[in-house]
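Nothing in this text is a laboratory measurement; each read-out follows from the coordinates by a stated rule. It should be emphasised that the depicted structure is a prediction, and the values quoted were computed from it without experimental measurement. Quick reminder, even Gly has a Cβ in these numbers, built from the backbone with ideal geometry, and neighbours come from all protein chains shown.
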Amino acid sequence: MSARLQQELLEHLGRFERSQEHLLRHWGQLTEPQRERLARQVLELQPPLLMQLFRGEDDAPDWTQLANLAEPPSAVRLAGTSATARQEARQRGEQLLRDGRLGMVLVAGGQGTRLGFPYPKGMFPIGPVSGRSLFQVLIEHLRAVSRRYDTRVPLYVMTSFATHQETVAFLEKHDRFGLAADDLIVFCQGTMPALDAATGDLLLAEPDSLALSPDGHGGMLPAFVGAGGLRHAQDRGIQQLFYGQIDNPLLQVCDPELIGFHDLANSEMTTQVVRKREPMERVGNVVSIGGSVRIIEYSDLPEAAARRTDEAGELLLWAGNIAVHVFSRAFLERVAADPQSLPFHRARKKVPHLDAQGRPVDPTQPNGLKFERFIFDLLPQARNALVVEADASSAFAPVKNADSEPCDSPRTAKEAMLRLHARWLVEADIDVPPDLAVEISPFLALNAAELRQRLRIGGNLNGPTYLEP
Ligand code: UTP
């Protein structure tokens, strides 16, 4: 059996242009389950795709040229959109919610390497007073929205091999933070192997495992379809899917206004953006090129293009990607049917691996190539793609880095949550001592107006407070 399996693996590896037989170097010492694990990974390899990616045939376009053609996207801006238009959008979004037409996709498959937290990022305690985890913050927000509109919004959580088991166990341990069992589907994204950047050799992470990583947030599309998520949404009569990332505790979960603008514009994909604070800010740039909306990553945008300004002196390429989208279900069905709809991007990364003697190597310089798909590559394929501006202080607090870094860390995200809730208290005319840490439960209020209606406390808060109903 084992000899036949080994032969089958050698044949599969023989489909690569250069020998990859080193992957079976430890075969003789592996136990039967270890051999099965390695065999499964090897048989899933797609030699033509990997060889093409290594040769760079899918290589990046000429960003300088594209950046020169880039214009600001036409967008629903914060300034300049009438209260009537907003109200109309909000009502449409609320109606879709009430009619049960919304689903939510939350991507949580990343490895969170920069944060350095030893569990899936969703388990990180981000509540500045409550200590609630990112999962709890976002799921409770979703439940509060569902409750407000007397509806049910199924949640599709994407994990990866790096986060799946712990995420499932965590969500079950906490009774899905109150979500009904049939309103939660957890599905696992695919993986891609890493290659040695110099030679194109596949790398072994362990004697019985390749060096693998999740295939990017764009892996959502095939994984969602493969796991039956799209079919589930169809069966539930879902028309629109709100998409967000686990690492933003200020995510405006299923925001009716955003959903309403998307639906009124008959858009297949809408993306929420924030105004960049500085030209070289580390967010993707949402731009329009030749009439189609696309994203140029900060690392690909030449500084001269980033610094261009308009007549008013404002940044011309002002729209920063915060990875919040709304998809029509029909659009996802259409693009999912085309395997080419999301290309892989190559990135040079440090990839720990075993050397020829089986000794672990922890590189200090990027040595490998990793391949990822990005969900925003769907934007140019969407009919009537729409861009909607949000106020960063109420919609975006990324948790990317460890607290030792100056930005996008748990510390800065907690501060942003407290600042937002302090602002709600001021807007709701609720008197609390300045600098008092107050965190507000979404079940109490989702905004300042709700807080004003619901909260009947006086000014006698005197320590960090978690305000809940
Ligand atoms: P990032 O690209 O910021 O990666 O993911 P990350 O894993 O959180 O952190 P680093 O880069 O390793 O430090 C943005 C969002 O996309 C999800 C992440 O979980 C996060 O919510 N993501 C990313 C996936 O779900 N799968 C992936 O393969 C990559």
**Study point:** Residue check for residue 136: away from the ligand (no atom under 15 Å from the Cβ), of a type in the set (S, T, N, Q) and either within 18 Å of the chain's Cα centre (by Cα) or assigned to a helix (DSSP H, G or I) (or both)
**Key:** yes
Exercise for review: Mind counting the residues in segment 87-113 that are within 13 Å of the ligand (Cβ to nearest atom), buried (at least 16 other Cβ atoms within 10 Å of the Cβ) and in a loop (DSSP other than H, G, I, E, B)?
Suggested key: 4
Point to revise | Failed condition for residue 131, given (1) surrounded by 18 or more Cβ atoms within 10 Å (Cβ to Cβ); (2) small (Gly, Ala, Ser); (3) over 18 Å from residue 176 (Cβ atoms); (4) more than 13 Å from the ligand (Cβ to nearest atom) | key: (1)
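Which strands (runs of 3 or more DSSP E) does segment 173-286 wholly contain that include 2 or more residues that are farther than 22 Å from residue 124 by Cα and within 16 Å of the ligand (Cβ to nearest atom)?
191-193, 240-245, 269-275
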Check your understanding: Can you find a residue in segment 180-199 that is closer than 30 Å to residue 90 by Cα and β-branched (Val, Ile, Thr)?
Key -> yes
Review point. Looking at segment 361-368, is at least one residue within 16 Å of the ligand (Cβ to nearest atom) and either closer than 30 Å to residue 78 by Cα or surrounded by 14 or more Cβ atoms within 10 Å (Cβ to Cβ) (or both)?
Key: yes
Review point. Of all residues in segment 139-169, which are of a type in the set (S, T, N, Q), assigned to a helix (DSSP H, G or I) and within 15 Å of the ligand (Cβ to nearest atom)?
Key: 167
Review point. Which residue pairs have Cβ atoms closer than 6 Å, lie 6 or more positions apart in sequence or on different chains, and pair a first residue in segment 206-225 that is within 29 Å of residue 27 (Cβ to Cβ) with a second residue that is outside any strand (DSSP E or B) and among the hydrophobic types (A, V, I, L, M, F, W, C)?
Key: 208/30; 208/38; 211/194; 211/203; 211/351
Review point. Which one is surrounded by the fewest Cβ atoms within 10 Å (Cβ to Cβ) among residues in segment 396-437 that are in a helix (DSSP H, G or I), more than 15 Å from the ligand (Cβ to nearest atom) and small (Gly, Ala, Ser)?
Key: 422
